[in-house]
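The values are calculated or read from the model by the stated rules, or taken from the named source; none is laboratory data. Keep in mind that what you see is a predicted model, and the values were worked out from it rather than measured. We place every Cβ from the backbone using ideal geometry, glycine too, and count neighbours over all the protein chains shown.
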Amino acid sequence: MKIFLNLIKKHSILVILFTFISLLYIMVIYPQQIKKNKKIKIIKKLKENDEILINNCIVGKITKILTSKYVEVLINKKTKIIIKKSSISLILPTKYFKK
């Protein structure tokens, strides 16, 4: 036990630095990685007629998948817009979007 305490006293700056880096990883970096992976899974599952939420404010239905990065979305009966897949927040339950 005394050896361990002496080691900590000699290398206290290293212990504090290691603790700080560990806390930074646990509180900041790891949750961001989880969120990023969740978004990638959502984007991979997209298909036509999926009802989606765009940037937490616009609800629409995917009418066409144009490329690997862009989709065409129906906002109301006549309005279609082209958006990046990365701007999609989540896939809504079916029959959420009214035509």
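Can Asn56 be described as at positive phi and surrounded by 10 or more Cβ atoms within 10 Å (Cβ to Cβ)?
No.
Is it true that Ile16 is assigned to a helix (DSSP H, G or I) and in contact with a strand residue (DSSP E or B) (Cβ under 8 Å, 6 or more places away or on another chain)? In short, no. None of Lys64, Lys38, Lys99 is at pLDDT 90 or above and in contact with a Lys or Arg (Cβ under 9 Å, 6 or more places away or on another chain) except Lys64.
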